[in-house]
Amino acid sequence: YEIGVRLVGSEMCIRDRDSWDAELAALPDGFAGLAPRISGLSDDGAGLFTFATAAAEVVDGLDRRGIVRAHLCGLSIGAMLALWTALEYPERVASLVLSGGQVRPPTTALAVQTTIFRALPGRLVVPGGMDKHRFLAALEEVARVDFRGRLPEVGVAALVMLSLIHISEPTRRTP
């Protein structure tokens, strides 16, 4: 009987995987967490980011720890990865907590954003631990995703959270 919560995060959306340390440390006794490093979202390892490869890495990480089913939590691209994993490996996912992910990213907006990012110096747009080539390739992978036709296949409970204010934006107060 598995009692635990396993967290799957993404370096890309929160700038570095150590950002999950506080959440993992705050889990109550009897719960464990995991924030795996995903290929292509840092300069570590070979290859560019793909959801297929990343989901396989998540499952491989579960296998190495002897975890049969896990509760996946993801933020932004991590939410999309958790959903992809649930669709491709449904027997491995017990539930989902998704925050700020996209079912079908706005392709026109992403194309404009990617064009601007290509023109800007990497130091201005690329999260720490990534080079510009990997970052742009990850954005292109995100732009190709369209989960709309597959959402009915999700066979586990899912908590989906959205916000109109991005967590990195400062709170604005009006007098």
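Here the extension length gained between Ala32 and Ala119 equals 27.1 nm, from 0.36 nm per residue of separation less the Cα-Cα distance.
For the residues His133, His71, a 1.4 Å probe over the protein chains yields an accessible-area ranking, largest first, of His133, His71. Amide H to amide H distances under 5 Å link Ala94 with Ala70, His71, Leu72, where only residues 5 or more positions off or on other chains count and H is placed in the peptide plane. Label point of Asp146 set 7 angstrom out along Cα-Cβ; within the stretch 102-120, amide nitrogens under 11 Å from it belong to 104-105, 107. Summarising the amide proton neighbourhood of Val160: residues at separation of 5 or more, or on other chains, whose placed amide H is nearer than 5 Å comprise Leu98.
Here the accessible area is traced with a 1.4 Å probe on the protein chains. For the stretch 22-86, carbon and sulfur cover 57 percent of it. The candidates Leu124, Leu81, arranged from most to least accessible area with a 1.4 Å probe in the full protein assembly, appear as Leu124, Leu81. Around Arg150, what is the net charge, scoring Lys/Arg as +1 and Asp/Glu as -1 over all other residues with Cβ under 13 Å from its Cβ? So the surrounding residues net to -1.
The values are calculated or read from the model by the stated rules, or taken from the named source; none is laboratory data. Not measured: the values here are computed from a predicted model. In this analysis, Cβ positions are derived from the backbone assuming ideal geometry, glycine residues included, and neighbour counts consider all displayed protein chains. We work out accessible area using only protein heavy atoms, side chains counted, and drop any ligands, DNA or RNA first. Shrake-Rupley method; radii C 1.70, N 1.55, O 1.52, S 1.80 Å.
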